[in-house]
Number of protein chains: 2
Amino acid sequence: MKLYSTPATPFGRTVEVVAHELGLHEDIEVIATKVAPTNPNLEYQQFAPLRKIPALVTEEGKLIVDSPVIAEYLAARVGDTALFAQGQPSHFDVMTRYAIARGATECCVASRYEIAVRPPELRWDKWIEDQFDRVGAALTMFEATPPTSGGRLTIADISLAVLLLYLDFRFDDYGWRSRYPTLVAWLEPIAARPSFVATKAS
Amino acid sequence: MKLYSTPATPFGRTVEVVAHELGLHEDIEVIATKVAPTNPNLEYQQFAPLRKIPALVTEEGKLIVDSPVIAEYLAARVGDTALFAQGQPSHFDVMTRYAIARGATECCVASRYEIAVRPPELRWDKWIEDQFDRVGAALTMFEATPPTSGGRLTIADISLAVLLLYLDFRFDDYGWRSRYPTLVAWLEPIAARPSFVATKAS
């Protein structure tokens with residue numbers, strides 16, 4: 001399989017962590033792919049019309065997007081049902097928590113575009129504040145209802161950890177660690193797992 | 001169940017169409033919910049931290065987000081496997097096409113925010129062009145590989161139809177109908193279905 005991604009993208013990292021956790025990472029060739037809004041990667045757009053990363057192309061040449069679908073595909077390849085809590089009472093709770101963690105990550109990426117892509121004279125500070133207000137509400141929810149530790153990681157756990165580490169990486173001055181001590185403690189052993197160590201953006 | 005939504009949101013409409021197609025719409029109370037970036041709906045954020053619509057709250061008081069998860073939940077409630085082509089060889093193709101249709105819809109919504117929410121002096125035309133370049137690439141792909149007609153609608157079909165009707169509703173001057181004749185013909189009987197007629201934004 002070919003995974004079009006880049007180390008800095010949190011959604012690509014989520015998929016790479018999933019691949020490691022499922023023991024599939026050696027079956028995946030990561031193709032470093034640059035995408036930037038307003039600067040189209042036309043070669044990539046030939047097969048990935050939205051030119052978002054990550055995208056997976058299977059051995060049969062089939063395109064699979066976006067990151068939740070790729071994660072589901074990888075789990076299905078190895079017959080794993082734990083990642084998405086398939087068939088378990090917690091399934092829709094896992095899916096909802098995954099959607100919230102991923103949505104909060106999208107807020108971070110939207111802020112990043114505002115700061116790093118948009119011309120400075122067109123920057124709207126209120127937009128960035130609004131995005132981080134949502135991130136804060138999501139972290140407050142996760143702090144109050146932390147994931148259970150131990151056992152297999154779910155996709156919700158992986159996505160939340162990727163979000164927190166992305167905040168460290170791109171928004172260190174946001175200072176989430178001083179406000180969410182339960183999540184700090186929860187993250188520590190997860191960030192030390194081989195799947196996270198191997199996919200660290202630098 | 002309570003569905004927090006508004007007639008103008010394409011993601012809420014997708015869920016409402018799904019509810020109709022599954023015969024569940026009479027079990028759902030739609031709570032008209034206003035959300036706008038930079039103008040937080042704090043009451044809604046109490047239980048929906050990202051304050052995005054739609055959100056579903058079940059009879060047991062459980063939050064379910066986002067729209068793909070709600071659609072999956074509704075299908076699971078009635079034991080439906082056709083909507084997501086569960087267990088069928090086409091499953092990941094349906095999921096990928098759904099992700100592309102939904103992603104293109106997100107491009108439209110991002111453009112809408114740029115035009116209708118952001119102060120005019122901070123508008124970046126190149127951003128809007130970039131979003132619509134992606135929409136165009138997605139529509140070109142769908143035009144070349146149109147959904148098969150007849151039989152049950154999949155979530156990919158519903159999402160694509162919602163995208164096309166959202167373009168009619170908000171971006172009539174984009175003129176998609178003059179460039180994608182296969183999609184125009186495909187859409188016509190779908191837009192006439194009771195599920196789409198009942199959920200038309202005006």
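The values are calculated or read from the model by the stated rules, or taken from the named source; none is laboratory data. Note that the coordinates shown come from a computational prediction; the quantities given were computed from them, not determined experimentally. Using ideal geometry, Cβ is built from the backbone for each residue, glycine included, and neighbour counts are taken over all protein chains shown. Keep in mind that these areas ignore ligands, DNA and RNA; they rest on the heavy atoms of the full protein, side chains included. Shrake-Rupley method; radii C 1.70, N 1.55, O 1.52, S 1.80 Å.
Just the number, please: buried accessible area between A and B, total of both chains, 1.4 angstrom probe, nearest 100 square angstrom.
Roughly 4000 Å² of accessible surface disappears when A and B pair.
Carbon and sulfur: what percent of the range B:26-104's accessible surface (1.4 Å probe)? Intermediate values should be presented prior to the final figure.
Values: 1790 of 3570 Å².
Carbon and sulfur atoms account for 50 percent of the accessible area of the range B:26-104.
Go ahead and run the numbers for FRET between A:Ala185 and A:Gln88, Cβ-Cβ distance against an R0 of 25 Å, rounding to 0.05. The partial results should precede the final answer.
Values: r = 25 Å, r/R0 = 1.02.
Step by step, r from the Cβ atoms, then E = 0.45.
Below 8 Å, C-alpha to C-alpha, sequence gap of six or more: please give me the relative contact order for the range A:82-202 in percent.
Values: 84 pairs, mean separation 39.1, N = 121.
Computed value for the range A:82-202: 32 percent relative contact order.
In deg cm²/dmol and to the nearest 500, what is the mean residue ellipticity at 222 nm of chain B if only DSSP H runs of at least 4 residues count, each as -39500 (n - 2.57), divided by the residue total? Please list the in-between numbers first.
On the way: 8 runs with 104 residues, N = 202.
Result for chain B, helices only: -16500 deg cm²/dmol.
Please report the spacing between the Cα centers of the range B:139-158 and the range A:84-126 in Å, no decimals.
Taking the Cα centre of each part, the range B:139-158 and the range A:84-126 sit 28 Å apart.
Which whole number gives the average, over all residues in B:130-141, of C-beta atoms from other chains lying within 10 Å of the residue C-beta? Display every interim value, and only then the final one.
Numbers: counts 7, 3, 0, 7, 8, 2, 1, 8, 2, 1, 2, 6.
Taking all residues of B:130-141 together, the mean is 4.
B:Asp93 accessible area, nearest 10 Å², 1.4 Å probe?
Surface accessible to solvent at B:Asp93 totals approximately 70 Å².
Given charges of +1 on the Cβ of Lys and Arg and -1 on the Cβ of Asp and Glu, with all other atoms neutral, how large is the dipole of the range B:75-178 about its Cα centre, in debye to the nearest 20? Walk me through the numbers on the way to the answer.
Values: 11 positive and 14 negative charges, 67 e Å.
Taking the Cα centre of the range B:75-178 as origin, the dipole is about 320 debye.
Using a simple charge model, +1 on the beta-carbon of Lys and Arg, -1 on the beta-carbon of Asp and Glu, nothing else, what dipole does chain A show about its Cα centre, in debye to the nearest 20?
On the way: 20 positive and 25 negative charges, 36 e Å.
Dipole about the Cα centre, nearest 20: 180 debye.
Treat every Asp and Glu Cβ in the protein assembly as shown as -1 and every Lys and Arg Cβ as +1, leave all other atoms uncharged, and give the resulting dipole magnitude about the Cα centre to the nearest 20 debye.
In debye, rounded to 20, the protein assembly as shown gives about 340.
Taking GluC sites (Glu not before Pro) that fall in a DSSP loop and have at most 15 other Cβ atoms within 10 Å as cut points, what is the longest piece of chain A between them? Write down the numbers at each step before the final one.
Values: sites that count: A:Glu59, A:Glu60.
Counting only loop sites that pass the neighbour cut-off, the longest clear stretch is A:61-202.
Hand me the trypsin sites (Lys or Arg not before Pro) from the range A:1-49 located in a DSSP loop with no more than 13 other Cβ atoms within 10 Å, in residue order please. Kindly include the intermediate steps, with their values, before the conclusion.
Details: sites: A:Lys2, A:Arg13, A:Lys34; in loops: A:Lys34.
Here the sparse-neighbourhood loop sites are A:Lys34.
Excluding residues fewer than 8 places away in the same chain, name every one of the lysines whose C-alpha is closer than 19 Å to that of A:Lys62.
Here the lysines satisfying the reach criterion relative to A:Lys62 are A:Lys2, A:Lys52.
At a threshold of 8 angstrom on Cα-Cα distance, excluding pairs fewer than six apart, so keeping six or more, what relative contact order does the range A:65-131 reach in percent? Mind showing how you got there, number by number?
Values: 20 pairs, mean separation 12.8, N = 67.
Contact order relative to length: 19 percent.
What does the average come to when, for each residue of peptide B:65-78, you count the partner chain Cβ atoms lying within 10 Å of its Cβ? Before the final figure, lay out each step's value.
Working: counts 7, 7, 1, 4, 8, 4, 0, 3, 4, 0, 0, 2, 0, 0.
The mean count of partner-chain Cβ atoms within 10 Å per residue comes to 3.
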